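Structure first, commentary second.
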Amino acid sequence: MALQFGVFDHIEPVPGLTLEQIYADRLIQIERLDQVGFYAYHLAEHHTPAVHSLAPSQNVFLAAVSQRTRRLRFGPCVYVLPLHHPVRLIEEISMLDNLSGGRMEIGVGRGGVLEAFFWGQDSDVEVNYARYLETLAIMREGLSHDELTYHGQFYEFDQLPMRMRPRQAPYPPLWYMRNIQTAAAYGMNAVLDVPLSVFDAYVKRYRELWEEHQGVGALTLQGTEPRIGLIAHMLLAETDEQAVAEATPAWKAYRWNLESPRRLEAEKRGLTSSSATGCGHARHPYRHGKCRATCMPRWRNLRSRSDAV
């Protein structure tokens, strides 16, 4: 399989530019990606209080992308599935895949419990994961069948007609971020955020896991070889020195946008390591399995106190 290039995007705020202008400029950039032969455009999902993503409704922006491009593939990377109603996802995926002539890619993930908390959902780790699995199962079932029947913990559907179908069969390719074990087990393409120096080892292991779970020589459900992508932050310049000089201020702003606003809002509510009741894992609060026994009871107490207020 030949090396292909894509773009992973948040659509971040730009000082001095209005939201209208940011969207307009980004669509021009995406048109150029299409013209010069980039493979795909992947758009992240984040919601307030995060500020590093100005496209909280990926499907709205991707609908515009579908009409401004001709060859470029595109999709969410990822849909935070616990935050979505599965039937609405099925319908909107079908719309986007047909609007684009069958160019959609679907990244899926569970997100973190802070996102669930700020969204107003149950912020329990196990509940969040169960909601992710159920939404994924319903989405795959509904996209590939004329009727949807599913009886789960969160949703109940009995012979619900699926009036809309994606153009790609049985549905657009699926992607999973950062976990090659999960990607291979569920028959998904993988995309990683690891140093280039160790990427070869991940590729080899992903292929081993794919054969273990899907079978030797097995293709994806869309009939293609499984893909594995690497996210790399890049700035092209005439020299290394020029690239570093131009990238340094942008990198500082990027890291602040990525980490600080949500963390500061969480600290106001006593939900991170700044609180004596926090678990100390400020980068991914309450997300680690080792935290569940000690941190989740504290999280529930914090949640109860905030509800009482």
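The values are calculated or read from the model by the stated rules, or taken from the named source; none is laboratory data. Predicted model, so just to flag it, every value in this text is computed and none were measured. All Cβ positions, glycine included, derive from the backbone under ideal geometry; neighbour counts span all protein chains shown.
Consider GLU238 carefully, then state whether it is more than 30 Å from GLY187 (Cα to Cα), surrounded by fewer than 13 Cβ atoms within 10 Å (Cβ to Cβ) and at pLDDT 85 or above. Yes. Considering ASP124, ASP193, the condition of being in contact (Cβ under 8 Å) with a residue 24 or more places away in the chain, on the phi < 0 side of the Ramachandran plot, surrounded by 13 or more Cβ atoms within 10 Å (Cβ to Cβ) and among the acidic types (Asp, Glu) is satisfied by ASP124 alone.
Quick check: anything in segment 10-18 surrounded by 12 or more Cβ atoms within 10 Å (Cβ to Cβ) and either outside the structural domain of ARG167 (by TED's automatic domain parsing) or not in a loop (DSSP other than H, G, I, E, B) (or both)? No. Cβ-Cβ contacts under 8 Å between residues 6 or more apart (or on different chains), taken from a first residue in segment 70-92 that is closer than 25 Å to GLN4 by Cα and at pLDDT 95 or above to a second residue that is basic (Lys, Arg) and not in a helix (DSSP H, G or I), are listed as ARG71/ARG103; LEU72/ARG103; ARG73/ARG103; PHE74/ARG103. With respect to the conditions (1) more than 20 Å from the chain's Cα centre (by Cα); (2) at pLDDT below 95; (3) of a type outside the set (A, V, I, L, M, F, W, C), GLN121 falls short on a single one, namely (1).
Condition test on LEU148, is it buried (at least 18 other Cβ atoms within 10 Å of the Cβ), farther than 15 Å from LEU221 by Cα and in contact (Cβ under 8 Å) with a residue 40 or more places away in the chain? The answer is yes for LEU148. The set of residues in segment 117-165 that are assigned to a loop (DSSP other than H, G, I, E, B) and closer than 30 Å to ALA50 by Cα comprises GLY120, GLN121, ASP122, SER123, ASP124, GLN153, PHE154, TYR155.
Looking only at segment 149-164, residues that are among the acidic types (Asp, Glu) and under 26 Å from the mean Cα position of the chain (by Cα) come to 1 in all. Is it the case that some residue within segment 179-187 is within 20 Å of MET104 (Cα to Cα), touching a strand residue (DSSP E or B) at 6+ places or on another chain (Cβ under 6 Å) and part of a helix (DSSP H, G or I)? The answer is yes, given that some residue of segment 179-187 is within 20 Å of MET104 (Cα to Cα), touching a strand residue (DSSP E or B) at 6+ places or on another chain (Cβ under 6 Å) and part of a helix (DSSP H, G or I). Could you tell me whether segment 164-171 includes any residue that is crowded, with 18+ Cβ neighbours inside 10 Å, of a type in the set (Phe, Trp, Tyr) and farther than 20 Å from LEU96 by Cβ? Looking for residues that are crowded, with 18+ Cβ neighbours inside 10 Å, of a type in the set (Phe, Trp, Tyr) and farther than 20 Å from LEU96 by Cβ, one finds none in segment 164-171, hence no.
Taken over segment 85-96, the criterion of being of a type outside the set (Ser, Thr, Tyr), surrounded by fewer than 23 Cβ atoms within 10 Å (Cβ to Cβ) and out of contact with any helix residue (DSSP H, G or I) (no Cβ under 6 Å at 6 or more places or on another chain) is satisfied by HIS85, VAL87, ARG88, GLU91, MET95.
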